[in-house]
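Data block below; observations after.
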Amino acid sequence: MNFKGQVAVVTGGATGIGRAIALKLADKGASVMIADINEEAAAQTAAEVKEVSGKSAVFVTDVTDLEACNGLVEATTELLGAVDILVNNAGIAGSAGWQTRSYSTEEDWKQTYQVNVIGMSNITAAFQPQMIKKRSGRIVNIASIAGREGRPSLPHYSASKAAVISLTQSIALELARFNITMNAICPGLLWTPMWEQIGDRYAYDMPAYEGMNPREVFDAMIAEKIPMQKEQTPEDIADTVAFFVSDDAKNITGQALNVDGGFFMR
Amino acid sequence: MDFEDKTAIVTGGAKGIGRGIALELARRGSNVVIADLDEEAAREVVAEIKSGGSQSYYCETDVTQQWSTDDMIEVTIEEFGHVDVLVNNAGVGGASGFTTRKTPSVEDWQATFDVNVYGIVNGTQSVESYMVERGYGKIVNIASVAGRGGRPGFATYAASKAAAINVSQAWAFKLAPHGINVNTVCPGLIWTPLWESIAERRKSTGQPSTGLTPRQIFQQTVSELVPLGREQTADDVGNAVAFLASDRASSITGQALNVDGGIRQN
Ligand SMILES: NC(=O)c1ccc[n+]([C@@H]2O[C@H](COP(=O)([O-])OP(=O)(O)OC[C@H]3O[C@@H](n4cnc5c(N)ncnc54)[C@H](O)[C@@H]3O)[C@@H](O)[C@H]2O)c1
Ligand SMILES: NC(=O)c1ccc[n+]([C@@H]2O[C@H](COP(=O)([O-])OP(=O)(O)OC[C@H]3O[C@@H](n4cnc5c(N)ncnc54)[C@H](O)[C@@H]3O)[C@@H](O)[C@H]2O)c1
């Protein structure tokens, strides 16, 4: 597995899972563009990437902003070259204050859909012409096991992730004839900045977790839900991304793969 | 290399997809035991692996017999000292003569389930207590996209493959607490002796493809069904198996991954 000479873009690549993906692709030789709204963290991750693969860049991108998405394409092409690998990882779990509500507001629904689904479509549409022109490209979308079946909390988040799986299936079919593959990964439970907030929400919202701190909620969920009885790591997700974008997976498209210790089998 | 000092067993490894899996694992450093009924073809694969610099061994095995899969594990441990990976790949399209029967016979149902389902169960049962005791093990089962949904025409085979996916989930659950991963690969359309016999059956049972050679029937099916527009190869399946059997996929269990150019989506 070797991505030497290839150009990768990772949205939400500044922290958490996205950061691990960027570092993994760099480790295999790719130049990586970090596209994130968090400029400071993005710059730090880009510096780490540079140490690994020698080439990285940052473009402050809000995936919900079409103009920014087009700017990202220009900046990537100029600084690193035409894109080979796109990882749509940026995601949120609600609008401001969602962790301490026991219901979803209209803003939760709108903003979550805006970032997790429409943002993904924006970025994909922006990079698609380059990939079509080359008749090759690899796209991986980060969904979630929350998108696999209904859950008693965060309906707006689960629905947005189900939409990500569906989007992946449809766009995979559209792009297949151009030798472009698109697959989704459904991570299980990972201790990242996002899950710290989810832990707050569950403690606030669900009687079973009342009074627990986020990490305690997280550990309790793992004990209850994960057959392998261990948390998943950003590294796990990054390894699976690396598989999907490698030559080894050239004939895999339109799939969603759960990386979740057996939480949800499919 | 992922499989340095590891030992893998591939049932049905003498031909077609099993051969591809065996070669891919060997290329990544594994010792490979070819467990098959067909000694002559198996010996050729063994020689091929050895000439590539890895160790290989033929073990005459009938996966429909528990005593035989027990023997397979014993012989492997004697030969190489340990078993790390079991790939349950052996499969059939029916009892002998199935290619001439439009309606499957009782024997076809029996043979398909004996090899495609009990074959997986037998192999798994022979190795599970050993893997549990050792605290390490990877099992990858080969089902088929045919197992992803009912279709007219080949219900024996499709039903057995659906059962294979289900059986894999059962053992994934059971073995998860011991850190043992059980996953399934669902191949799409791969030109092997098995597919040749499926094409023969279509010809001899008067399905629309009469007049074409088996290979032409295969190619026609590929162009009708595969969004990526090309056949899949035994190497593709081998690469997916190699990923799922590696420590890079240690958080993935109970999953079924389609390697099918996008024929079916999961
Ligand atoms: N942590 C988990 O357990 C878990 C489980 C399943 C799925 N996921 C998914 O994995 C992905 C990454 O999650 P994480 O846990 O690393 O979260 P995180 O909050 O740690 O990181 C998300 C990153 O996305 C960036 N981002 C947010 N909105 C953006 C926007 N509009 N444009 C560009 N960048 C934006 C953030 O700045 C941040 O760097 C998300 O899609 C998330 O839904 C996480
Ligand atoms: N070829 C395809 O397009 C395709 C698609 C989906 C799934 N599959 C599955 O992939 C697997 C391999 O298929 P293939 O196309 O390479 O088939 P194949 O007929 O070319 O090879 C099957 C191998 O299994 C061996 N075998 C059969 N019965 C056995 C038994 N009882 N014990 C031990 N070995 C036995 C055979 O001797 C042969 O070497 C099967 O499970 C098949 O159902 C194939």
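Computed from the coordinates by the stated procedures, all read-outs in this text should not be read as laboratory data. From a predicted model like this one, the values you see are computed outputs, not experimental measurements. Glycine gets a Cβ as well: all are built from the backbone with ideal geometry, and neighbour counts include every protein chain shown.
Results, tabulated for the structure shown:
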{"read-out": "Exposed GluC sites (Glu not before Pro) absent - longest run of chain A, DSSP non-H/G/I/E/B, at most 16 other C-beta within 10 Å", "value": "A:1-148"}
{"read-out": "Globularity index of chain B, i.e. its alpha-carbon radius of gyration over 2.2 N^0.38 Å", "value": "0.96"}
{"read-out": "Angle in degrees between helix B:16-27 and the longest Cα principal axis of chain B, rounded to the nearest 10", "value": "30"}
{"read-out": "For region A:173-263, alpha-carbon Rg and Dmax in angstrom", "value": "16.6, 53"}
{"read-out": "At 0.890 mPa s and 25 °C, Stokes D of region B:95-176 from Kirkwood alpha-carbon radius, µm² per second", "value": "178"}
{"read-out": "Cα long-axis angle, helix B:214-225 against chain B (0 to 90 degrees, to the nearest 10)", "value": "90"}
{"read-out": "Approximate shape of chain A as ellipsoid semi-axes (Cα gyration tensor, √5λ), whole Å, largest first", "value": "30, 19, 18"}
{"read-out": "Kirkwood Rh in Å, taken over region A:10-73 so that all alpha-carbon pairs contribute", "value": "11.2"}
{"read-out": "Where Rh is the Kirkwood radius over Cα pairs, Rg/Rh for the protein assembly as shown", "value": "0.99"}
{"read-out": "D (Stokes-Einstein, µm²/s), Kirkwood Cα radius, region B:1-157, 1.306 mPa s at 10 °C", "value": "100"}
{"read-out": "Kyte-Doolittle at least 0.0, axis length at least 24 Å by Cα - qualifying DSSP helices, chain A", "value": "A:155-176"}
{"read-out": "Cα principal axis extents for region A:137-212, largest first, Å", "value": "53, 22, 13"}
{"read-out": "More than 13 angstrom apart: percent of Cα pairs within region A:84-133", "value": "60"}
{"read-out": "Space enclosed by the convex hull of the alpha-carbon atoms of region B:81-219, per residue, Å³", "value": "109"}
{"read-out": "Cα-derived Rg over Rh, computed across region B:46-113 with Rh taken as Kirkwood radius", "value": "1.12"}
{"read-out": "Note, ³J(HN,Hα) from phi for region B:174-190, Karplus 6.51, -1.76, 1.60, rounded to Hz, x at Gly and Pro", "value": "4, 8, 4, x, 9, x, 9, 9, 10, 9, 10, 10, 10, x, x, 10, 10"}
{"read-out": "Relative intensity, log₁₀ I(q)/I(0), of region A:1-120 from a Debye sum that treats every alpha carbon as a point, q = 0.10, 0.13, 0.19 Å⁻¹", "value": "-0.31, -0.50, -0.92"}
{"read-out": "Efficiency of FRET between B:Q65 and A:K50 - r from beta-carbon atoms, R0 51 angstrom, step 0.05", "value": "0.30"}
{"read-out": "Region B:178-240, Rg to Rh (Cα coordinates; Rh as Kirkwood inverse mean 1/r)", "value": "1.11"}
{"read-out": "Cα-Cα over 32 Å, subset of A:K110/B:K174; A:K55/A:K250; A:K110/A:K250; A:K133/A:K161", "value": "A:K110/B:K174; A:K110/A:K250"}
{"read-out": "Alpha-carbon Rg with Dmax, taken over region A:67-157, Å", "value": "16.0, 48"}
{"read-out": "Sparsely packed trypsin sites (Lys or Arg not before Pro) within region A:123-177, loop by DSSP, other Cβ within 10 Å at most 15", "value": "A:R135, A:R177"}
{"read-out": "Model label zone, B:R43; criterion: amide N under 17 Å from point 7 Å along Cα-to-beta-carbon; scope region B:57-73", "value": "B:57-61"}
{"read-out": "Nearest 10 degrees, 0 to 90: helix B:39-51 Cα axis against chain B principal axis", "value": "60"}
